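The structure appears right after this line, and notes come after that.
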Amino acid sequence: MADYTAKRIDDMEAIFGGGFRKARAELGVTSFGVQVLEFPPGLTTYPEHDHASDGQEEVYLLLDGSAGLEVDGEAVPFDAGTMVRVGANTKRKLTTAEQPARILVIGATPGSAYEVRQFTELGEPDPMAAA
């Protein structure tokens with residue numbers, strides 16, 4: 001029997017007010033992180049961050065809409081069909097202008113087994129609901 005999972009993004013559990021789809025958990029992936037971010041138009045509050053503390057590198061792929069990506073303060077070309085890898089120690093920030101955006105994010109720590117973050121598991125409460 002074939003081992004696979006197929007699920008529409010719109011049917012995946014979401015947290016952070018609907019802006020973070022739990023793709024990894026929904027698909028049963030355990031070897032790397034994979035989520036879908038869904039941002040409204042005019043988003044500027046997505047935090048600039050790095051992964052220096054956990055060593056995780058990330059790959060970003062714009063699936064739909066329009067988004068901006070800054071890497072260490074520099075605007076990086078980020079349109080449909082462009083994949084961007086960002087190393088763990090490098091700061092990154094996503095924004096949107098007049099269009100919403102749907103972005104696939106894949107992450108893992110080179111040379112290490114993937115460790116699931118509890119909040120990405122199905123059924124875990126939305127961290128924004130506790131605030």
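The values are calculated or read from the model by the stated rules, or taken from the named source; none is laboratory data. Treat the numbers as computed from the prediction; the structure is a model and nothing was measured. Note that we place each Cβ from the backbone using ideal geometry, even for glycine, and neighbour counts take in every protein chain shown.
Among the residues of the stretch 43-58, at least one is modelled with pLDDT of 95 or more and within 12 Å of the chain's Cα centre (by Cα). Filtering the stretch 16-42 to residues that are assigned to a loop (DSSP other than H, G, I, E, B) and either of a type outside the set (F, W, Y) or more than 13 Å from the chain's Cα centre (by Cα) (or both) leaves G17, G18, G19, K22, G28, V29, T30, S31, P40, P41, G42. Would you check which residues across the stretch 67-121 are of a type in the set (G, A, S) and more than 15 Å from the chain's Cα centre (by Cα) and list them? Hits for the stretch 67-121 are G73, A75, A80, G81, A97, G111, S112, A113. Answer yes or no: is there a residue in the stretch 31-50 that is out of contact with any strand residue (DSSP E or B) (no Cβ under 8 Å at 6 or more places or on another chain) and of a type in the set (V, I, T). Yes, some residue in the stretch 31-50 is out of contact with any strand residue (DSSP E or B) (no Cβ under 8 Å at 6 or more places or on another chain) and of a type in the set (V, I, T). Looking only at the stretch 92-125, residues that are closer than 16 Å to A23 by Cβ and of a type in the set (D, E) come to 2 in all.
Restricting to the stretch 17-52, name every residue that is loosely packed, with under 15 Cβ neighbours inside 10 Å and either touching a residue at least 60 places away in the same chain (Cβ under 8 Å) or under 30 Å from G111 (Cβ atoms) (or both).
G17, L27, G28, T30, S31, F32, P40, P47, E48, H49, A52
If you scan the stretch 115-124, which residues turn out to be assigned to a loop (DSSP other than H, G, I, E, B) and closer than 19 Å to L37 by Cβ?
Once the filter is applied, which keeps residues that are assigned to a loop (DSSP other than H, G, I, E, B) and closer than 19 Å to L37 by Cβ, the stretch 115-124 yields V116, R117, E121, L122, E124.
Does R92 meet the test of being under 14 Å from Q35 (Cα atoms), in contact with a strand residue (DSSP E or B) (Cβ under 9 Å, 6 or more places away or on another chain) and touching a residue at least 40 places away in the same chain (Cβ under 8 Å)?
no
Inside the stretch 53-90, residues that are charged (D, E, K, R), part of a loop (DSSP other than H, G, I, E, B) and under 15 Å from P110 (Cβ atoms) make up a count of 1.
From the list D79, D72, pick out the single residue that is in contact (Cβ under 8 Å) with a residue 12 or more places away in the chain and loosely packed, with under 12 Cβ neighbours inside 10 Å. Only one candidate passes the filter, namely D79. Exposed (fewer than 11 other Cβ atoms within 10 Å of the Cβ) and touching a residue at least 12 places away in the same chain (Cβ under 8 Å), is that true of P127? The answer is no for P127.
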